[in-house]
Amino acid sequence: MSEVRLTTSSFLVLGIIDKLGEASPYDVKVEAARTVAPFWSVPHAQVYAQCDRLLAAGLLSEARQEGGRNRRLMRLTAEGSAALRGWLADPAFVPVEARERGILKLWFGASPGVHAPVQVAEHRRTLEEYEGLAGEVGELLTRGQREALEFGIRYERMMVDFWRWVGRREPGEDGAPTAEQE
């Protein structure tokens, strides 16, 4: 096995293939979009690149599906399984990188009155989706999946609360720009 630096995206691919048993890169892409995309997005091209990297590193094995489109089906090797288990057991803290475009716009002076109502509506919509999912399939999820869904619910509640607060602030309050500054 050659040395390869494993990233969170690498472990996302290993984890999905582990859960599915075997998967093509396309299957990984679809499963990522269906399951983890709300809290960890990965570009489709990166899924394919990660599969190739992990295969070259000996963390995945590959077989060709007989007939049809001759799809590549990948499985974790013993080394891949060990790498995934090691990552899952590692309690190291990595700071969250919040990538909220609306927050970035606020930072650079966007009008809270314009952005807050849209953000409240969109975060409410997402919150309702997550709460609906919890009600429909919550008992079918593993503990970790349920906890990840609960994170999404709590995050969306916090974002609704935050944007409501932004929308209620008066110009000039706590450093908020006045009409002349906007």
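The values are calculated or read from the model by the stated rules, or taken from the named source; none is laboratory data. Being a predicted model, the structure only gives us computed values, none of them experimental. In this analysis, Cβ positions are derived from the backbone assuming ideal geometry, glycine residues included, and neighbour counts consider all displayed protein chains. The area values use the complete protein model at the heavy-atom level, side chains included, leaving out ligands, DNA and RNA. Shrake-Rupley method; radii C 1.70, N 1.55, O 1.52, S 1.80 Å.
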* Asked: Can you spot a residue in the stretch 65-87 that is among the acidic types (Asp, Glu) and over 30 Å from ARG168 (Cβ atoms)?
  -> yes
* Cβ-Cβ below 7 Å, separation at least six or inter-chain, first residue in the stretch 111-132 and closer than 10 Å to ILE153 by Cα, second open to solvent by less than 50 Å² (accessible area, probe 1.4 Å) and of a type in the set (Gly, Ala, Ser): which pairs? -> TYR130/GLY152
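Being at pLDDT 85 or above, assigned to a loop (DSSP other than H, G, I, E, B), under 22 Å from ALA63 (Cβ atoms) and open to solvent by 50 Å² or more (accessible area, probe 1.4 Å) is the filter here; which residues of the stretch 1-32 pass it?
Step one: filter the stretch 1-32 for residues at pLDDT 85 or above, giving 5-32.
Filter once more, so that each one left must be assigned to a loop (DSSP other than H, G, I, E, B): 5-7, 21-22, 24.
Filter once more, keeping what is under 22 Å from ALA63 (Cβ atoms): 21-22, 24.
GLU22 - this is the single residue of the stretch 1-32 that is at pLDDT 85 or above, assigned to a loop (DSSP other than H, G, I, E, B), under 22 Å from ALA63 (Cβ atoms) and open to solvent by 50 Å² or more (accessible area, probe 1.4 Å).
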* Report whether or not LEU133 is open to solvent by less than 90 Å² (accessible area, probe 1.4 Å) and modelled with pLDDT under 95. => yes
* To do: Determine, yes or no, whether ARG124 is touching a helix residue (DSSP H, G or I) at 6+ places or on another chain (Cβ under 7 Å) and open to solvent by 50 Å² or more (accessible area, probe 1.4 Å).
  => yes
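Scanning for something acidic (Asp, Glu), in contact with a helix residue (DSSP H, G or I) (Cβ under 7 Å, 6 or more places away or on another chain), surrounded by 15 or more Cβ atoms within 10 Å (Cβ to Cβ) and assigned to a helix (DSSP H, G or I), does the stretch 145-157 turn up at least one residue? If you could, list the steps in order and put the result at the bottom.
We begin by selecting, within the stretch 145-157, every residue acidic (Asp, Glu); these are 147, 150, 156.
Then drop every residue that is not in contact with a helix residue (DSSP H, G or I) (Cβ under 7 Å, 6 or more places away or on another chain), which leaves 156.
Filter once more, keeping what is surrounded by 15 or more Cβ atoms within 10 Å (Cβ to Cβ): 156.
Add one more test, that the residue is assigned to a helix (DSSP H, G or I), and what stays is 156.
The answer is yes; a qualifying residue exists.
Consider ARG99 carefully, then state whether it is open to solvent by 90 Å² or more (accessible area, probe 1.4 Å) and touching a strand residue (DSSP E or B) at 6+ places or on another chain (Cβ under 8 Å). Spell out the reasoning first.
Numbers: open to solvent by 90 Å² or more (accessible area, probe 1.4 Å): yes; touching a strand residue (DSSP E or B) at 6+ places or on another chain (Cβ under 8 Å): no.
Considered against the rule, which asks whether it is open to solvent by 90 Å² or more (accessible area, probe 1.4 Å) and touching a strand residue (DSSP E or B) at 6+ places or on another chain (Cβ under 8 Å), ARG99 comes out as no.
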* Asked: Taking only pairs six or more apart or across chains, which ones have beta-carbon atoms under 7 Å, a first residue in the stretch 45-74 that is over 12 Å from PRO25 (Cβ atoms), and a second residue that is open to solvent by 50 Å² or more (accessible area, probe 1.4 Å) and modelled with pLDDT of 95 or more?
  -> GLY58/GLU79; LEU59/GLU79; SER61/ARG75
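Results for (1) surrounded by fewer than 14 Cβ atoms within 10 Å (Cβ to Cβ); (2) of a type outside the set (Lys, Arg); (3) part of a helix (DSSP H, G or I), shown as yes or no for each residue.
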position	(1), (2), (3)
ARG34	yes, no, yes
VAL42	no, yes, no
GLY68	yes, yes, no
ARG75	no, no, no
TRP87	no, yes, yes
* Structure fact -> In the set PRO117, PRO112, PRO38, the lone residue that is touching a Gly at 6+ places or on another chain (Cβ under 8 Å), of a type outside the set (Val, Ile, Thr) and under 24 Å from VAL28 (Cβ atoms) is PRO38
* Pick from PRO171, PRO91: which is part of a loop (DSSP other than H, G, I, E, B), touching a Ser or Thr at 6+ places or on another chain (Cβ under 9 Å), open to solvent by 60 Å² or more (accessible area, probe 1.4 Å) and of a type outside the set (D, E, K, R)? -> PRO171
